[in-house]
Structures are given as C-alpha cells and as structure tokens.
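For reference, the structure is listed below as structure tokens.
The values are calculated or read from the model by the stated rules, or taken from the named source; none is laboratory data. What you see is a predicted model; the values in this text were computed from it and never measured. Areas reflect the complete protein model, heavy atoms only, side chains present, ligands, DNA and RNA absent. Shrake-Rupley method; radii C 1.70, N 1.55, O 1.52, S 1.80 Å.
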Amino acid sequence: MSKPVKERNLRPVNLDLQTIRFPITAIASILHRVSGVITFVAIGILLWLLSVSLSSPEGFQYASELVGGFFVKFILWGILTALSYHIVGGVRHLIMDLGYFEELESGTQTAKISFAVTVVLSLLAGVMVW
Ligand code: HEM
C-alpha cells in the first residue's frame, strides 16, 4: 500500500541550482537533445548558403566570401561539432536501445567515450574549416 501524501512530502528536496550536480549521463543526454536542435536549425542555414551559391556566379562569389569570414567559419565549426556529437551520441543511444551498456557504470563509460570521440571530431572539423 502506498504511503500517505504527508509522509511522502517529507522527503528532502534540493532545488538549489548552484548545488545540483548532474551525472555525466544526464549531461550526455541533454547535450544530445541540444545538438539535435542545433543540427535542425543548421539545415536551414546550410540550405540557404547552398541556394545563394547556386543562384549565379555573383551568388557563388558572395557565398565564398561569407564562408571566408572568421565568424561564419566559427558558426560552421560549431554546426559540425554539434552534428558530430549528435551522431556519436545517437549511435550510443541506438546501441543502448539494443540492450548494451545500460548499467550506470558502463553508461558512464560510454558517455565519457562519446565526449572524447566528439572532441577528436571537433578538432578535425576545425582543421577542415580553417
Ligand atoms: C539532420 C540531422 C538530424 C537532426 C536535425 C536531428 C535532430 C534530433 C533531435 C532534435 C532529437 C531530440 C529529440 C528529443 O530529445 O526529443 C534527436 C534525437 C535522436 N537522434 Fe537525431 N537528428 C539528426 C540526425 C541524427 C543521426 C544522423 C543520428 C544517428 C545516429 C541520430 C540519432 C538520434 C537518436 C538515436 C535520437 C533519440 C535520442 C533519445 O532517445 O533521446 N540523429 N535528433
């Protein structure tokens, strides 16, 4: 039988955001959603850039100049980093959906591995963009 509501409400609750520490698996999960949203927004930016570059020779010139600037390069690098993490985290999710690495310890390990792989891919993306 479940406990009375009054007794259940006695559980300690910590809502102080400055002392709450997320486990690495939670951070991996939140970042996967964030990177998915960034990837979604990026599709619009990249399709626009593609359409400008294909519109005319002048359009291609304009797109080339845009992509040559530091700020746009930085955005492109961010997009590639988010996409890298989303794919790596997505593959991790799919492997877990198959029933592997679902325990706390192994899940923590795969979260760390996916961060490490993303750092490498992000560095490679930086080399590619600059
Ligand atoms: C155009 C490319 C993509 C976009 C815009 C995109 C976007 C998203 C977004 C917004 C979510 C979050 C859904 C939620 O948490 O409610 C998501 C989840 C997911 N994505 Fe992607 N995604 C893309 C490509 C990929 C790729 C290439 C993979 C391959 C590994 C992938 C694997 C997953 C998985 C497994 C989930 C579910 C994660 C979960 O269960 O929480 N996605 N995606």
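Remarks
- Taking every protein chain into account, the 1.4 Å probe leaves Leu15 with about 140 Å² of accessible area, to the nearest ten.
- Helices assigned as whole DSSP H runs in the chain whose Cα atoms extend at least 20 Å along their own long axis and whose mean Kyte-Doolittle hydropathy is -1.0 or higher are found at 24-55, 70-97, 104-129.
- When the residues Leu104, Leu121 are ordered by accessible surface, computed with a 1.4 Å probe over the protein chains alone, the sequence from largest down reads Leu104, Leu121.
- Choice from Ser64, Ser114, Ser84 with maximal GNM fluctuation in the chain (Cα, 10 Å cutoff): Ser64
- Here the chain is treated as a Stokes sphere of Kirkwood radius computed over C-alpha pairs; at 4 °C and 1.567 mPa s its diffusion coefficient rounds to 72 µm²/s.
- Gain upon complete extension [Gln61, Phe40; 0.36 nm per residue less C-alpha separation]: 4.9 nm
- For the stretch 106-130 and the stretch 56-82, distance of Cα centres in Å: 23 Å
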